[in-house]
Amino acid sequence: MLATVFSSSVIGIDAYTVEVEVDISRGLPSFSTVGLAEGAVRESKDRVKAALKNSGYNFPADRITVNLAPADIKKEGSGFDLPIAIGILAANGIIPHSALTDHLIIGELSLDGSIRPIRGALSMAIMAKEVGLKGIYLPSENAMEAGVVGEINVYPVNALSELVQSLNGIECLVPIQIDPDFMGTQQNYDVDFSDVRGQENVKRALEIAAAGGHNVLMIGPPGAGKTMLAQRLSTILPNLTFVESLETSKVYSVMGLMPKGKGLLTIRPFRAPHHTISDAGLIGGGQIPKPGEVSLSHNGVLFLDEMPEFKKNVLEVLRQPMENGLVTISRASSTVTYPANFILVGAMNPCPCGFFGDPKRECTCSYREIQRYRARISGPLMDRIDIHIDVPSVPFRDLTGTSQGQSSFDISRRVIKARSLQENRFHKSKIHTNAMMNSRQIRKFCQIDDKSNLLLEMAMEKFGLSARALSRILKISRTIADLSGSQNIEQIHIAEAIQYRSLDRKLVV
């Protein structure tokens, strides 16, 4: 007999329907799987056979053929174990075919018949809703993330026998109920800006970066607090909207990184890969493409500590996602696109020894060594970083003082207010923050008066600022004006923005 079970797999971060067709016919006992099945899928026959026997069902001693349609797309993962087992039982007459027509079934089987979690449950639930299926049967550990989709019944299953009894009408599985409307409340973080002593100028720069979505590069000696400051940037960003949370959660679901017991990510991600990471690890890829760190940082912060120590080819792959917020990976068999809209925070020493410009420690590096060290970050990549901020060593009196700086909550209120101004400004366009403005939008929204124009001209001549720094200064000025509630960019805003382009100045040793 022939039975068809609806299941699903993932390409990129989006799911598609897979029809698991099981045919049992007379002949020598055999089990073959067709439809471009990868290793884990081909191995499912052993898990299915053991799970069926240990759950009390007879495994047919006939010729079994399993087809995964569409047959021209590679199938990977262990989520087909459960639908194959259900298909065998349905083809053997144990489960009625009518119970399989409008539900999705996914899950990995243990040898004892229990069901293990799978990856991509959130994307599969979204797909099931879009194609009009009534419900989805999946492992209990994945029920929370699938349940946030709404308008579709999500049935958590713990064992193969439990699902069989439900499909036969012997027991009734209860769909999980989750209220996805959790947004609008302040999220709790383990870190806070009030923990940082001193560095008020750097905190101000990070506030501007959060308000305008600007990328930041911090330059300072070892131990100045660059990592500590970067870890707190996500605490002053606006709370995730439901759409943003859904986008980011899909990436984590596909990678199997969704926190246990959570339906959606509720705080903005912060990723800090080590400088030994490969380009595929950072941008995504592999023989079967997977998201990289830039996609795991979607709607959050990507922190690259010791940025010049990263391999040059690894840093260069950042240019596309920093430009358009997407990563496209092409292979001979398929092309996938991952979201990658993040704020980049880089940290580096001012020179190889780390003490160039330090008033208390002498730098031992030559001019050529400093130039070679800074040149590890290419011009096109540096062009995409709006803010360069010097992070000096913290004085002893600031470290031992009792006064605390502003909390993340206080700073975030100003950031949210500035972001709302930008949303109103760009509501007719596809961008949301000042950092995303193109040259035409800069001319429209960053107009300055004659005094400000004269100040810009003097700064470019005195500090040797490059031409590319001009548009960055105007973008930063627009964000500073938004933070102050000013409709126009004033001279004081230009003056503050100029100091955030330290690497564009002529190097004096």
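Here are a few things to note about the model shown:
- Here Lys129 is the anchor, and the lysines within straight C-alpha reach of less than 16 Å, apart from those fewer than 8 places off in the same chain, are Lys250.
- For region 1-77, the convex hull drawn through the C-alpha positions has a volume of 98 cubic angstrom per residue.
- Rolling a 1.4 angstrom probe over region 357-432 with all protein chains present gives an accessible area of which 51% lies on carbon and sulfur atoms.
- What the Cβ-Cβ distance of Leu454 and Leu257 gives, at R0 = 51 Å and to the nearest 0.05, is a FRET efficiency of 0.45.
- Sulfur and carbon atoms: percent of accessible area, region 1-105 [1.4 Å]: 51 percent
- Nearby lysines by direct alpha-carbon distance to Lys417 (threshold 25 angstrom, same-chain neighbours under 8 apart not counted): Lys203, Lys428, Lys430, Lys444, Lys475
- By the helix-only formula, in which each DSSP H run with n ≥ 4 contributes -39500 (n - 2.57) and the sum is divided by residues, the chain has a 222 nm mean residue ellipticity of -10000 deg cm²/dmol.
- The label-point distance for Val394 and Ile492, in a model that sets each label 7 Å from Cα toward Cβ, rounds to 2.8 nm.
- Pair Asp195, Ile416: separation of 7 Å Cα→Cβ label points (nm): 2.2 nm
- On Cα atoms only, tilt of 44-54 relative to the major axis of the chain in degrees: 60 degrees
- Read-out Rg and Dmax of the Cα atoms in Å, derived from the coordinates shown; its label in (1) 30.2, 105; (2) 27.7, 90; (3) 24.0, 83: (2)
- Each Lys and Arg adds +1 at its Cβ and each Asp and Glu adds -1 at its Cβ; summed about the Cα centre, the chain shows a dipole of about 1440 debye.
- Backbone N within region 241-264 under 16 Å of label point (7 Å from Ile288 Cα along the Cβ vector): 253-257
- Under 14 Å from Lys134, Cα to Cα: aspartates and glutamates that are on another chain or at least 8 residues apart: Asp102, Glu151
- For the chain, the longest principal axis of the Cα atoms and the long axis of helix 468-484 meet at an angle of about 80 degrees.
- Cysteines, the chain, no other Cys beta-carbon under 4.7 Å: Cys172, Cys353, Cys363, Cys446
- Cα gyration tensor shape for region 198-303, rounded if a/c is under 1.5, else prolate or oblate: oblate
- Ile11 long-range amide H proximity, modeled H, under 5 Å: Tyr16
- Taking amide H as placed 1.01 Å from N in the peptide plane, Leu326 has its amide H under 5 Å from the amide H of Ala340, each at least 5 places away in sequence or on another chain.
- Å² per residue, accessible surface of the chain at 1.4 Å: 46 Å²
- Two-site FRET efficiency, Ser466 against Phe242, from Cβ-Cβ distance with R₀ of 30 Å, rounded to 0.05: 0.15
- Kirkwood radius and radius of gyration were both taken over the C-alpha atoms of region 429-481, and their ratio Rg/Rh is 0.99.
- Hull volume in cubic angstrom per residue (convex hull over the Cα atoms of region 382-509): 141 Å³
- Rounded to whole Å, sorted largest first: equivalent-ellipsoid semi-axes of region 306-456, Cα gyration tensor: 32, 27, 19
- Remark: the Cα gyration tensor places region 60-203 in the prolate category, a/c being 1.5 or greater and a/b exceeding b/c.
The values are calculated or read from the model by the stated rules, or taken from the named source; none is laboratory data. These figures come from a predicted structure and were not determined experimentally. Every residue, glycine as well, gets a Cβ built from its backbone with ideal geometry; the counts of neighbours run over all protein chains shown. The accessibility values were calculated without ligands, DNA or RNA, using every heavy atom of the protein model including side chains. Shrake-Rupley method; radii C 1.70, N 1.55, O 1.52, S 1.80 Å.
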